[in-house]
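Colleague: Handing you this structure, nothing more for now.
The values are calculated or read from the model by the stated rules, or taken from the named source; none is laboratory data. Predicted model, so just to flag it, every value in this text is computed and none were measured. Note that we place each Cβ from the backbone using ideal geometry, even for glycine, and neighbour counts take in every protein chain shown. Side chains included, ligands, DNA and RNA excluded: accessible areas come from the protein's heavy atoms. Shrake-Rupley method; radii C 1.70, N 1.55, O 1.52, S 1.80 Å.
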Amino acid sequence: MLWSYPRSITGHGTRKTLEFLKQINSELTIHSFPTGMQVFDWEIPEEWNIHGGYLKHESGRIFADFNETPLHVLGYSAPYHNVLSREELIPHIFTQPDQPDVIPYVTSYYRNRWGFCLSENLKQALPDGNYEVCIDAEKKAGQLLLADMLIPGQRAEEIFFSTYICHPAMANNELSGIALATALALYVKEKHPTPHYSYRFVFSPETIGAIAYLSENLRILQQNMACGFVLSCVGDERAYSHIQSRFGDSLADKALEAALLGQENVTTYSFLERGSDERQYCSPGVDLPVCGFCRSKYGEYPEYHTSADNFDVVSARGLEGSYEVVCSIVDAFEIGLYPRAAVLCEPQLGKRNLYPTLSQKGAYGDTKTRLNVFAYSDGRHSLFDIAKIIGKPLRTVLGEVRTLIKHGLLSAHHVPCQRGALRIGGSGGSSENLI
Amino acid sequence: MLWSYPRSITGHGTRKTLEFLKQINSELTIHSFPTGMQVFDWEIPEEWNIHGGYLKHESGRIFADFNETPLHVLGYSAPYHNVLSREELIPHIFTQPDQPDVIPYVTSYYRNRWGFCLSENLKQALPDGNYEVCIDAEKKAGQLLLADMLIPGQRAEEIFFSTYICHPAMANNELSGIALATALALYVKEKHPTPHYSYRFVFSPETIGAIAYLSENLRILQQNMACGFVLSCVGDERAYSHIQSRFGDSLADKALEAALLGQENVTTYSFLERGSDERQYCSPGVDLPVCGFCRSKYGEYPEYHTSADNFDVVSARGLEGSYEVVCSIVDAFEIGLYPRAAVLCEPQLGKRNLYPTLSQKGAYGDTKTRLNVFAYSDGRHSLFDIAKIIGKPLRTVLGEVRTLIKHGLLSAHHVPCQRGALRIGGSGGSSENLI
Amino acid sequence: MLWSYPRSITGHGTRKTLEFLKQINSELTIHSFPTGMQVFDWEIPEEWNIHGGYLKHESGRIFADFNETPLHVLGYSAPYHNVLSREELIPHIFTQPDQPDVIPYVTSYYRNRWGFCLSENLKQALPDGNYEVCIDAEKKAGQLLLADMLIPGQRAEEIFFSTYICHPAMANNELSGIALATALALYVKEKHPTPHYSYRFVFSPETIGAIAYLSENLRILQQNMACGFVLSCVGDERAYSHIQSRFGDSLADKALEAALLGQENVTTYSFLERGSDERQYCSPGVDLPVCGFCRSKYGEYPEYHTSADNFDVVSARGLEGSYEVVCSIVDAFEIGLYPRAAVLCEPQLGKRNLYPTLSQKGAYGDTKTRLNVFAYSDGRHSLFDIAKIIGKPLRTVLGEVRTLIKHGLLSAHHVPCQRGALRIGGSGGSSENLI
């Protein structure tokens, strides 16, 4: 269903997408920004609506049809209807020469152009003669839409998830992010009906949407965000990717690092390799504790931004892997991020059947993890820190913490988070000057 | 002599061991904890006294005899006297199947069991028929004993050494630690009769003894301990081992790291590989600046916790190596841990015959170490830091410091130590809640 | 011209050198320190003036002549005139046996000796017979000279450059440093006629000169120095070398590290491998933020401190490479060391023709550096930090910063520098006690 909506940064495809999501999570609120509105250094563009488009040779053969895939028309293409020679047409044909079989995803949001996107092979095969070119689109003053939802918790501190809704007819980038964020919101509401933390989900067009959202919500996000994640390309099975925040030291980075411990094929990318909305959330003066989470990172898998990014790339198992990662982060916050030993010295685990009662070398095995979790539960180290220190997956640590809490050996505290990259003093001062 | 005392965490073997040590260091004070006393999460167990034990086949052949080695009887075995078939006996026989020649050291302090420890080979050779089983032991309300001694210095700040006294008939683990601590106490009294620092030595049963000791001395240790060391398995020649404190950054860690510089075959183990009483001293809320020191680390050499841990493992040369390490740490504290340059700019070493007077390339050699020690003597870096920075053994640094002090070029200061892992504020608050 | 002046730590060769430099930079001020004056742990030696010297065999053959090269006479040699046998002469002949072709540079400033320096080959070829030895020198109460110049800026904070003037007849060590410092002073005056920072240049005899200079200027340098560099051996093309300050973390270290990014054959040496006046500037209690800059480091190239260190070693291209490095550091300070974003979120570079307007994968290339410079321009990171973080040469970063400032997207601030190694509190207290 969502596959067929012709999304872009504005227009009816995006509008329908948000309405569909609101049916699933009714708390979703849609916000609109009018054309021409200044959002920081940017201006909301005209709204673009497209109804069809085709490229027809004089022989009657159709070489591109928007109804076949919206990728065939250059994103934000100007309307156009004319008959042109092959020579006149060629400069308006966009291809990916290094992948001659696929139709690339190309856009021109801020400079007025018209064009079609074809496979390089098809472009090479275009016969001489005249072509009827038709792009049935309109650009005019309108709205840019985005949506957010807040699941309020006992604390104002919030965990933030952002994904984008501007990519048409591609599965990993970016139906997968929309699916994951939607499922995660349902998880929070079901598993943690009265959560300690607040949870915010943002669905917005990439770049301009995030900038627009920040232009209206910067203060509240700076005040409340404990950590945040940009979810993108989270549906394939090939890898796990962590795109670090600007300094790689935010609570979000620590959370994601811990949640990915024990997974195979994890790659950590520095902020220099960023590419999605962490670019905005981590920009100087904004300084939110946000990192990016992908399976195969955008730009790093061959199908990225082409017609090949379809449901052969994304799988249920791929999405489930991502789902477990983000759910474990939510669970860590809800258990209490800073566990603290409730007894001094090691607890006597033996009398609680949590440790062997016979002492002989080589006999301790799994109980070491339990004692290690306890040993670092000093109220100063988060569950993410502990996972990293003891080198065990966050899920394993959460299991041991639950056991130790059940036996009265740990208490888990909800204290204000050490957010890392967010430096209210400095950034507050600087954004004050800038707004 | 000490070899023959049947030590355990309680009982007459341990009592005799402490009385013997008191003859050497008369300042030793023996402390007792009654059965049933709560020490943090633990309870002092019944006192166990054993007088003999044997396993006799109906043929008259004796397969295990306590008088041959106390390891033959399961530590803390319940008293038992009966005649059993081989089948009935087998579940009570403990062996180390991966080392079929040796008798393992096995205990069951907190669950009532009876049993014998045999080599796997002997177990396999047990003939059919009936066996007379006799364990002449008793468990009843009594005392757990441990001892400490304090050599008071001009400062209340103390250097702490802890070793354990509960292992019967094994040489490296753990007569070696007892020997080293005893010799070191004599060294301090002889070499530093009016020491700047105070020195504390603790001889206690492992785990329960350290916990009992902490239950009565936590505050004073948190106030005064500059650094501390658990001495264990310090008698062989094969390696030097450093088991880090919980975060590996305490003054004790720095001291031991510096003292081991220049030695071969040094291994640093993280706290995750801990196994002795640093488990208690570094536990959350206790947070003492303690690390572990071994030659071959417990659990890492094949004779560990078996009848093979005898005087073939431990040598005078092995013990001397350990002795030099701990003595150099004591000397560093007593010289003054934070040396400070007494002149600005480099000193003119040449006029003091400490440097070549002819300047030609390649002619400086050893004097570089002297100038390097001076260059980092800024009153902010300890002798341990300096050794690490310039990459020279602590002993070498101490030699240069003595020379520079003699020539009036350095002064060495006794300032309160930067203890590292001990965070009085945080841990004080937390232990307050816990006690 | 400068080549021919017979420099040493005192005497007419040094005096003429400074007078020559004053003709180029008229602000240069010459300071004198009388023989016998105490400067910290040192005493200003007698002034040494040499007019000639030769070693003549009874056959009439001259084996060494000061007029041929001043290296032939031991630096600071006592006057001597006598006839000696070969056997009597030999202990006064200094050679470099591992480089038998060259005349080594040897001095004996603080112990009275006389001697000649020959190639090892020539020494081996000295025939039997008598030699007339003549060293026409004098040592007597006089002056040690050095010079400094300050280009005052709008801020008292100063950038400091020090080089030395005591080496005779060697090109890389040390005419190159004199040449570079002189050229840099001209650059500052021409390119930044009203500079933000102050610039200080010191030309002094190595070791004793730096110590004498510090003895009179320590307070002002500690107050004002933002960063400083010892320039030495900066004329060859083989390498770039950074000799770190005492802890390697001063602003000077960061500046030089950034300026050398992107150069080939860069070596960073720790302070343990120091050898020039950073030894004094970084000594404990002095603690100035100074590091050393060389092309091939002294002691690391074969011609060092020999007659082979001539204009075959030094080239215009080698000097230019050094000149670009130090000029880029000056430019970074003058642009404003701490750039700060002038807009929140990413700027829209497309509308300024600073970014492609067509969005397709793989199309961004060079603009990434521009966005990366912007992303780290948070007012907290210096241009040196930014160069290091994004892994681009300082020159490249400066270019992007100029572009972004021109478009109103960045402002660059002159705030007090974070000097790193200079810790006024600690070192001030300690030098107070010491002076």
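Colleague: How many square angstrom of accessible surface are buried between B and C, both sides summed, with a 1.4 Å probe and rounding to 100? It would help to have the intermediate numbers written out before the result.
Modeller: Working: alone 18440 and 18430 Å², together 33840 Å².
About 3000 Å² of accessible surface is lost on pairing.
Colleague: Same structure, new question: Within the stretch C:223-352, what whole-number % of the accessible surface is contributed by carbon and sulfur, with the 1.4 Å probe and all protein chains included in the calculation?
Modeller: Solvent-exposed carbon and sulfur of the stretch C:223-352 make up 43 percent of the total.
Colleague: Now for a different question. Select from the stretch A:240-285 all residues whose loss of accessible area on going from the chain by itself to the full protein assembly reaches 50 Å² or more (probe 1.4 Å).
Modeller: For the stretch A:240-285, once contacts with the other chains are taken into account, A:R246, A:F247, A:L272, A:R274, A:P284 lose 50 Å² or more.
Colleague: I need the helices of chain A that pass two filters: whole DSSP H segments spanning 24 Å or more by Cα along the axis, and mean Kyte-Doolittle score no lower than -0.5.
Modeller: A:316-335
Colleague: One decimal, nm, shortest first: give the distances between the label point of A:Q223 and those of the same position in the other copies, each label point 7 Å from Cα along Cα→Cβ.
Modeller: Computed spacing set for this position: 4.6, 4.6 nm.
Colleague: Spit out the partnerless Cys residues in chain A, using Cβ distances under 4.7 Å as the pairing rule.
Modeller: A:C117, A:C134, A:C166, A:C227, A:C282, A:C291, A:C327, A:C345, A:C417
Colleague: Considering only DSSP states other than H, G, I, E and B, which trypsin sites (Lys or Arg not before Pro) in the stretch C:74-145 qualify as loop sites with at most 10 other Cβ atoms within 10 Å? If you can, show how the numbers build up before the last one.
Modeller: Details: sites: C:R86, C:R111, C:R113, C:K123, C:K139, C:K140; in loops: C:R111, C:R113.
When the trypsin sites (Lys or Arg not before Pro) of the stretch C:74-145 are filtered for loop state and at most 10 Cβ neighbours within 10 Å, nothing remains.
Colleague: Suppose we compare each residue of the stretch C:16-57 in its chain alone and in the full protein complex with a 1.4 Å probe; which ones drop by at least 20 Å² of accessible area?
Modeller: Output list: C:F40, C:D41, C:W42.
Colleague: From the residues A:T17, A:V325, A:Q124, which one has its Cα farthest along the dipole of chain A in the positive direction, the dipole being from +1 and -1 charges on Cβ of Lys/Arg and Asp/Glu about the Cα centre?
Modeller: Value computed over the given set: A:V325.
Colleague: To continue, here is another question. Counting other Cβ atoms within 10 Å of each Cβ, which GluC sites (Glu not before Pro) in the stretch B:59-160 have at most 14 and sit in a DSSP loop?
Modeller: Values: sites: B:E68, B:E87, B:E88, B:E120, B:E132, B:E138, B:E157, B:E158; in loops: B:E68, B:E157.
Passing sites in the stretch B:59-160 are B:E68.
Colleague: Hey, another quick one. Ignoring ligands, DNA and RNA, what percent of the accessible area of the stretch C:47-140 is carbon or sulfur (1.4 Å)?
Modeller: Details: 1930 of 4140 Å².
After summing per-atom areas, the C and S share lands at 46 percent.
Colleague: Of the candidates B:L354, B:L256, B:L409, which one comes out as most mobile in a Gaussian network treatment of chain B with C-alpha springs shorter than 10 Å?
Modeller: In the Gaussian network model the winner is B:L354.
Colleague: Now for a different question. Suppose every Lys and Arg Cβ carries +1 and every Asp and Glu Cβ carries -1, with no other charges. What dipole size does the stretch B:47-140 come out with about its Cα centre, to the nearest 20 debye?
Modeller: On the way: 8 positive and 13 negative charges, 53 e Å.
Once rounded to the nearest 20, the dipole reads 260 debye.
Colleague: With a 1.4 Å probe and every protein chain left in place, work out the accessible area per residue of the protein assembly as shown in Å², rounded to a whole number. Mind dumping the intermediate values first?
Modeller: Numbers: 46270 Å² over 1305 residues.
That works out to 35 Å² per residue.
Colleague: Largest first, how would B:M225, B:M1 line up by accessible area (1.4 Å probe)? Intermediate values should be presented prior to the final figure.
Modeller: On the way: B:M225 0, B:M1 145 Å².
Ranked from most to least accessible, the order is B:M1, B:M225.
Colleague: Indicate, rounded to the nearest 5 percent, the antiparallel portion of the DSSP beta bridges found entirely in the stretch A:109-225.
Modeller: Details: 5 of 13 bridges.
Antiparallel bridges make up about 40 percent of those DSSP assigns within the stretch A:109-225.
Colleague: In a shell of Cβ-Cβ distance under 10 Å around A:S232, excluding A:S232 itself, what net charge do Lys and Arg (+1) and Asp and Glu (-1) give? Intermediate results must be reported in sequence, preceding the final value.
Modeller: On the way: positive: A:R295, A:K297; negative: A:E174, A:E206, A:D277, A:E278.
Computed value for this residue: -2.
Colleague: Which chain C residue hugs the C-A rotation axis most tightly by its Cβ, and what is that distance in angstrom, to the nearest whole number?
Modeller: C:D249, 11
Colleague: Between the chain alone and the structure with every protein chain in place, find the residues of the stretch B:329-368 that drop at least 40 Å² of accessible area; heavy atoms, 1.4 Å probe.
Modeller: Buried on complex formation: B:R340, B:L344, B:C345, B:E346, B:Q348, B:T357, B:L358, B:S359, B:Q360, B:K361, B:K368.
Colleague: Another question about this same structure. Rounded, prolate or oblate, given the Cα gyration tensor of the protein assembly as shown, with a/c below 1.5 counting as rounded?
Modeller: Numbers: a/c = 2.22, a/b = 1.00, b/c = 2.22.
Note, shape of the protein assembly as shown comes out oblate.
Colleague: Kindly state, to the nearest 0.05, the FRET efficiency for B:I30 paired with B:A316, given R0 = 30 Å and r defined as their beta-carbon distance.
Modeller: Numbers: r = 29 Å, r/R0 = 0.96.
Once rounded, the FRET efficiency stands at 0.55.
Colleague: Moving to a separate point now. A:G142's amide H: which non-local residues (gap 5+, or another chain) put their own amide H closer than 5 Å, with H modeled 1.01 Å from N in plane and none for Pro or chain starts?
Modeller: Long-range HN contacts for A:G142: A:T35, A:E47.
Colleague: Starting from the Cα of B:M1, move 7 Å in the Cα-to-Cβ direction to define the label point; list residues of the stretch B:11-47 whose amide nitrogen is under 13 Å from there.
Modeller: From the stretch B:11-47, the list is B:16-26.
Colleague: If you put a point 7 Å past Cα along the Cβ direction, how far is that point for B:P79 from the same point in each other copy, in nm, smallest first?
Modeller: Label-point distances to the other copies, shortest first: 10.5, 10.5 nm.
Colleague: Which pairs, out of A:K388/B:K254; C:K254/C:K392; A:K254/A:K392; B:K351/B:K406; C:K368/C:K392, put more than 19 Å between their alpha-carbon atoms? The partial results should precede the final answer.
Modeller: Values: A:K388/B:K254 23 Å; C:K254/C:K392 14 Å; A:K254/A:K392 14 Å; B:K351/B:K406 14 Å; C:K368/C:K392 11 Å.
Table pairs above 19 Å Cα-Cα are A:K388/B:K254.
Colleague: When each copy gets a label point 7 Å from Cα toward the beta-carbon at C:T268, what are the spacings between them in nm, shortest first?
Modeller: 1.9, 1.9
Colleague: Can you give the % of DSSP beta bridges in chain B that are antiparallel, to the nearest 5? Don't jump to the answer; show the numbers that get you there.
Modeller: Values: 42 of 65 bridges.
Bridges in chain B that DSSP calls antiparallel: roughly 65 percent.
Colleague: Something else: Loop-only check: which GluC sites (Glu not before Pro) in the stretch A:234-312 are DSSP coil with at most 15 other Cβ within 10 angstrom?
Modeller: Numbers: sites: A:E237, A:E257, A:E264, A:E273, A:E278, A:E300, A:E303; in loops: A:E237, A:E264, A:E300, A:E303.
Passing sites in the stretch A:234-312 are A:E264.
Colleague: Once the other residues with Cβ under 13 Å from the Cβ of A:T17 are scored (Lys, Arg +1; Asp, Glu -1), what is the net sum? Mind showing how you got there, number by number?
Modeller: Values: positive: A:R7, A:R15, A:K16, A:K22; negative: A:E19, A:E174.
Taking every Cβ under 13 Å from that of A:T17, the sum is +2.
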